[in-house]
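Chemist: Mind looking over this structure? Questions follow.
The values are calculated or read from the model by the stated rules, or taken from the named source; none is laboratory data. These figures come from a predicted structure and were not determined experimentally. Glycine also receives a Cβ, built like all others from the backbone with ideal geometry; neighbour counts cover every protein chain displayed. Quick note on the areas: whole protein, heavy atoms, side chains included, nothing else; ligands and nucleic acids left out. Shrake-Rupley method; radii C 1.70, N 1.55, O 1.52, S 1.80 Å.
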Amino acid sequence: MAFCVCVASVVLLMDGVKESKRVTNFFTATKVGLVLFMSVGGFILTRKENLVPFVPPQFGASSVLRGSTSCFFGYLGYDEVCCLGGESINPKRDMPLAILWTLGIVTSLYVAASLALTGMQPYQNIDEMSAFPNAFHENNVHWAAQIAAFGEVFTLPVVVLISLMAQPRLQYAMAQDGLLPPIFGKVDPTGNLKNGTLLSGIFMTLIATVVPFQYLDDLISAGILLAFSMTNGSLILLRCESPSHDPLLLERLLVVYNALSLGTGLILSKSGSSYIAIFLSMIMVVATIATAIFLGRTCPRGIFFGGMRVSTGVGNNNDPE
């Protein structure tokens, strides 16, 4: 199944963005409709006793945090929006709106589906492989179980298609900067990145075919989190600059900020719900926020962004040569 879905996605993207956009929009609308159907059905079948206690005491807040990290892959969508920003008509206006709408919709759907699932079935009985279909079966709503099972399989290609659509564009930008071989920056006469799509598709298909998903799940989430951290750090390095009296202050503050963020996550996820862990995590959170504020106040925006002059509103006579 994984092999067939990946190959079909590669073939579709090789034919151009317009065709793949239509297919993506169709599958996305179907996927959202399916999640809404399962959520509404779950809320109708919700039993109050399944949600009490809301956070089981044997797990606590640390387990809630660990569980949330496993669904981090779902938030990759707004990263794909950024990757496709170069094809937007008005990216300055469209991209922020698209990112905010994507985050809002995905978060709302995640919360609604999670509440519906745990409300219609005790969390101990939730099937890891087929949660909603099994939950509908347990509530003797077999027709809804069939729809949920079919919909989950039918809408599966949208995740693969969107992920593969963004990858060649990342490679194109990196090739333009000389970070990847020129073959990834070649565009055919119709404007498609066929080389990048084909090479990425082959690599992705091989991994999807031979590596079980349970090994990829946490690895993908960890990789996405690392990529986001590196991207955000790089953007700050390009946009801001250290003060003249301390040339490496910005770099040091970024290291401290990331170390504090990592430490906070480890304390919350590994130390349980003890008072000591809560106290330490609160200290780490305050220190992280203080570091970010201090960075913003002491490391101003630079006149140059990535080697390009930024308009500062100051006359050219005051700009450095």
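Chemist: What spacing in nm lies between the two simple spin-label points modelled at Asp246 and Met14, each 7 Å away from Cα in the Cβ direction?
Modeler: With each label point 7 Å from Cα toward Cβ, the separation is 5.5 nm.
Chemist: Ok, one more. Keeping all protein chains in position, work out how much accessible area Phe3 exposes to a 1.4 Å probe, and write it in Å² to the nearest 10.
Modeler: In the full protein context, Phe3 sits at about 110 Å².
Chemist: Can you give the net charge of the other residues whose Cβ lies under 10 Å from the Cβ of Leu193, counting K and R as +1 and D and E as -1?
Modeler: +2
Chemist: Report the rotationally averaged projected area of the chain based on its alpha-carbon convex hull, in square nanometres.
Modeler: Quarter of the Cα hull surface area: 21.0 nm².
Chemist: Rank Phe132, Phe43, Phe203 by mean-square fluctuation in a GNM of the chain with C-alpha springs under 10 angstrom and give only the top-ranked residue.
Modeler: Maximum among the listed residues: Phe203.
Chemist: From the backbone phi of segment 246-253, what are the Karplus-calculated ³J(HN,Hα) couplings (6.51 cos²θ - 1.76 cosθ + 1.60, θ = phi - 60°) in whole Hz, Gly and Pro given as x?
Modeler: Using θ = phi - 60°, the values come out as 9, x, 10, 4, 4, 4, 5, 5 Hz.
Chemist: Leaving out ligands, DNA and RNA but keeping every protein chain, what accessible area does Asp94 have, in Å² rounded to the nearest 10, with a 1.4 Å probe?
Modeler: In the full protein context, Asp94 sits at about 40 Å².
Chemist: How would Ser114, Ser63 rank on accessible area, largest to smallest, probe 1.4 Å?
Modeler: Heavy-atom accessible area, descending, gives Ser114, Ser63.
Chemist: So, for segment 1-65, what is the accessible surface per residue at a probe of 1.4 Å, expressed in square angstrom?
Modeler: Heavy-atom SASA per residue in segment 1-65 reads 63 Å².
Chemist: Size of the dipole of the chain about the Cα centre, Lys and Arg at +1 and Asp and Glu at -1 on the beta carbon, nothing else charged, in debye to 20?
Modeler: My answer is approximately 380 debye.
Chemist: Please list, in chain and number order, the residues 5+ apart from Thr155 or on another chain whose amide H is under 5 Å from its amide H, with Hs placed from the backbone.
Modeler: none
Chemist: A further question follows. In square angstrom, rounded to the nearest 10, how much accessible surface does Arg22 have for a 1.4 Å probe?
Modeler: My reading of the accessible area for Arg22 is about 150 Å².
Chemist: Moving on to the next point. Which residues' amide hydrogens lie under 5 Å from the amide hydrogen of Cys240, considering only partners 5 or more residues apart or on another chain, with H built in the peptide plane?
Modeler: Placed amide hydrogens put Gly302 under 5 Å from Cys240.
Chemist: Quote the FRET efficiency, to the nearest 0.05, computed for Ile126 versus Leu100 with a Förster distance R0 of 30 Å and r equal to the Cβ-Cβ distance.
Modeler: Values: r = 31 Å, r/R0 = 1.04.
Once rounded, the FRET efficiency stands at 0.45.
Chemist: Calculate one ³J(HN,Hα) per residue across segment 23-37 by plugging θ = phi - 60° into the Karplus curve 6.51 cos²θ - 1.76 cosθ + 1.60, and present them in order as whole Hz with x for glycine and proline.
Modeler: In residue order, the calculated couplings are 5, 4, 4, 5, 5, 5, 4, 5, 5, 4, x, 5, 5, 5, 4 Hz.
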